[in-house]
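The values are calculated or read from the model by the stated rules, or taken from the named source; none is laboratory data. All values derive from a computational prediction rather than experimental measurement. Glycine also receives a Cβ, built like all others from the backbone with ideal geometry; neighbour counts cover every protein chain displayed. The area values use the complete protein model at the heavy-atom level, side chains included, leaving out ligands, DNA and RNA. Shrake-Rupley method; radii C 1.70, N 1.55, O 1.52, S 1.80 Å.
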Amino acid sequence: MAKIATLITDMFEDVEYTDPQKAFNDAGHEVFTIEEEAGKEVTGKQGEAVVTIDKGIDDVNPEDYDALFLPGGFSPDQLRADDRFVAFTKAFMDAKKPVFAICHGPQLLITAKALEGRKATGYKSIQVDMEYAGAKLVDEEVAVCQDQLVTSRQPDDIPAFNRESLRLLEQLA
């Protein structure tokens, strides 16, 4: 099954991590959390989820993972200020590996300059940013581009986000 790298830090949107993570695990995939340092605890912005980080960004290589998961909330905006997380994100897009970004997750893709010409969606407040980044923006519960990039707008879209993300992971098998 797939090894899924997850870039996450404090103030992530709780259910945008916990629901897909559970769906990925239930389907037999492994989800690894990555932040600045392993062992650190990060807390969701609703305070409902606390996640212990598996790996530090300096200890990981994109080549060791099959897919990338970018939950929303304030986490992606914080992480994109660090070039290491941006480069990690860009590596998955350049390698055409599956990338799953929900809500504010596409902010890392914007900073990585990886949305040019790509069909995508995101939270309403970042949609203009996505257009400026060259995305072919759609306002739909889930957008799938080139059987590689899965994006969704908000927590209500999680069922469709999970369905399409799992479909792409099945194709890796």
Report yes if D147 is out of contact with any Leu (no Cβ under 8 Å at 6 or more places or on another chain) and of a type in the set (D, E), otherwise no. no
Pairs, first outside any helix (DSSP H, G or I) in segment 158-173, second of a type in the set (A, V, I, L, M), C-beta under 9 Å, six or more apart: A173/M1; A173/A2
Which one of these does S125 not meet: (1) closer than 22 Å to G44 by Cα; (2) open to solvent by 30 Å² or more (accessible area, probe 1.4 Å); (3) touching a helix residue (DSSP H, G or I) at 6+ places or on another chain (Cβ under 9 Å); (4) small (G, A, S)? (3)
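So which residues in segment 148-166 are open to solvent by 80 Å² or more (accessible area, probe 1.4 Å) and either in contact with a strand residue (DSSP E or B) (Cβ under 9 Å, 6 or more places away or on another chain) or more than 13 Å from A23 (Cα to Cα) (or both)?
Matches in segment 148-166: D156 only.
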Looking at segment 1-57 only, could you name the residues that are aromatic (F, W, Y) and surrounded by 17 or more Cβ atoms within 10 Å (Cβ to Cβ)? F12, Y17, F24
Let me confirm something: among A101, A95, which residue is open to solvent by 10 Å² or more (accessible area, probe 1.4 Å) and either over 11 Å from the mean Cα position of the chain (by Cα) or at pLDDT 95 or above (or both)? A95
Which number in (1) touching a strand residue (DSSP E or B) at 6+ places or on another chain (Cβ under 8 Å); (2) closer than 20 Å to M1 by Cβ; (3) not acidic (D, E) marks the one condition that N61 misses? (1)
With respect to T89, determine if the residue is assigned to a strand (DSSP E or B), of a type in the set (V, I, T) and surrounded by 18 or more Cβ atoms within 10 Å (Cβ to Cβ). no
